[in-house]
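Right, one structure below, let's go through it.
Just so it is clear, none of the values below were taken in a lab; they were calculated from the coordinates. Just so you know, these numbers come straight off a predicted model, no measurement behind them. Here Cβ is always computed from backbone atoms with ideal geometry, including for glycine, and neighbour counts include all displayed protein chains.
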Amino acid sequence: MTAELIDGKKLAADVRERLKMEIAAGQGEDLPVLAVVMVGENDASRIYVRNKQKAAAEIGMVCEVYEFAESIGERALMSSLQDLNDNPHINGIIVQQPLPEHIDPLKILAVIDPAKDVDGFSPTNLGLLATKEPQAIVAATPKGVLQLLQSTGQELAGRHAVIIGRSNIVGRPLAMLLLNQDCTVTVCHTKTRNLAEIVRQADIVVAACGCARLVKADWIKDGATVIDVGINRVEGKLCGDVDFDAVKEKAAYLTPVPGGVGPMTVAMLLENTWEAAQRQFREGKAGSAAGHGHHCSCGHCRS
């Protein structure tokens, strides 16, 4: 058996093309606007933000970047986020992480208006997801993982999914999302005993722990579906949390790294922003972005 690769690049391209058409069809005076808040001079963050700007521009979405010095205090940053909450031109807000050590990310995320929290990280949206409320904005990576799983055409209900990783960004929201799909879910982490034995029971394995090539072929049940969320650099090359070359001989479906989950994460962020904008336009909570363009008069925006 050799695994069928799940092509995240193609799926993400299909999502972006659909969004481009929907935005063009409903454009009028209402342009969806995503605000990206970046604190400090993190080179990796800058690359991620540029990629988001490029992807947004390709589908006709405005992406505004608000840059702040690393020395900014928590209170000042929270005040700036409140300004974005109150700005009728802004439909979605994300805070690029990591943040400087003196800033508590949980406090910052709690300030973002849940209706504009297109990362889906706020306590409100996580709570709505946990209670299976349809208005929840689902975190982009878990949402992308679900679409990758659904693209295989397999029935998810009743299958045993093992998630390796319990972060608020991936593991925890993904567990809730898969529970809502009627999967049986086991979440593993650094304190889990007999990890390999637990993973061997899984119909679906999601590796999201940041440990290069942790998941070996003998951990995988024949015919399992394996989603690799990890992205690590080893000897100058990118690899995931799964030992790809070995696992592909055991799994039925497998995502590559790069080219699997990563492109879907960006596509889901754009989809979340578009869906948030549509809700706001319907409810009269957002103004037209026409004339606002790609620049803001606040002095922080560079886009």
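Among (1) under 23 Å from Val261 (Cβ atoms); (2) surrounded by 14 or more Cβ atoms within 10 Å (Cβ to Cβ), which single condition is Glu67 missing? Unmet condition: (1).
Being among the charged types (D, E, K, R), in contact with a Lys or Arg (Cβ under 7 Å, 6 or more places away or on another chain) and farther than 19 Å from Arg159 by Cβ, is that true of even one residue in the stretch 243-250? Steps first, please.
Kept after step one, since they are among the charged types (D, E, K, R), are these residues of the stretch 243-250: 243, 245, 248-250.
Within this subset, residues satisfying the condition of being in contact with a Lys or Arg (Cβ under 7 Å, 6 or more places away or on another chain) are 243.
After this cut, where a residue has to be farther than 19 Å from Arg159 by Cβ as well, the list is 243.
Looking for residues that are among the charged types (D, E, K, R), in contact with a Lys or Arg (Cβ under 7 Å, 6 or more places away or on another chain) and farther than 19 Å from Arg159 by Cβ, one finds at least one in the stretch 243-250, hence yes.
Residue count for the stretch 150-168, restricted to those that are of a type in the set (A, V, I, L, M) and surrounded by 19 or more Cβ atoms within 10 Å (Cβ to Cβ): 4. Among the residues making up the stretch 48-80, those that are part of a loop (DSSP other than H, G, I, E, B) and either farther than 15 Å from Asn91 by Cα or touching a Gly at 6+ places or on another chain (Cβ under 8 Å) (or both) are Ile59, Ala69, Glu70, Ser71, Ile72, Gly73. Listed by position, the strands (runs of 3 or more DSSP E) inside the stretch 174-277 whose residues that are within 26 Å of Leu129 (Cα to Cα) number at least 2 are 184-188, 204-207, 225-228.
Collect the residues in the stretch 207-222 that are touching a helix residue (DSSP H, G or I) at 6+ places or on another chain (Cβ under 6 Å) and farther than 14 Å from Lys248 by Cα, keeping them in residue-number order. Steps first, answer last, please.
Narrowing the stretch 207-222 to residues touching a helix residue (DSSP H, G or I) at 6+ places or on another chain (Cβ under 6 Å): 208, 217, 219-220.
Residue satisfying the conditions is Ala208 alone.
Could you figure out which of (1) surrounded by fewer than 22 Cβ atoms within 10 Å (Cβ to Cβ); (2) free of Cβ contacts under 8 Å to residues at least 40 places away in the same chain isn't true of Val199? So the condition that Val199 fails would be (1).
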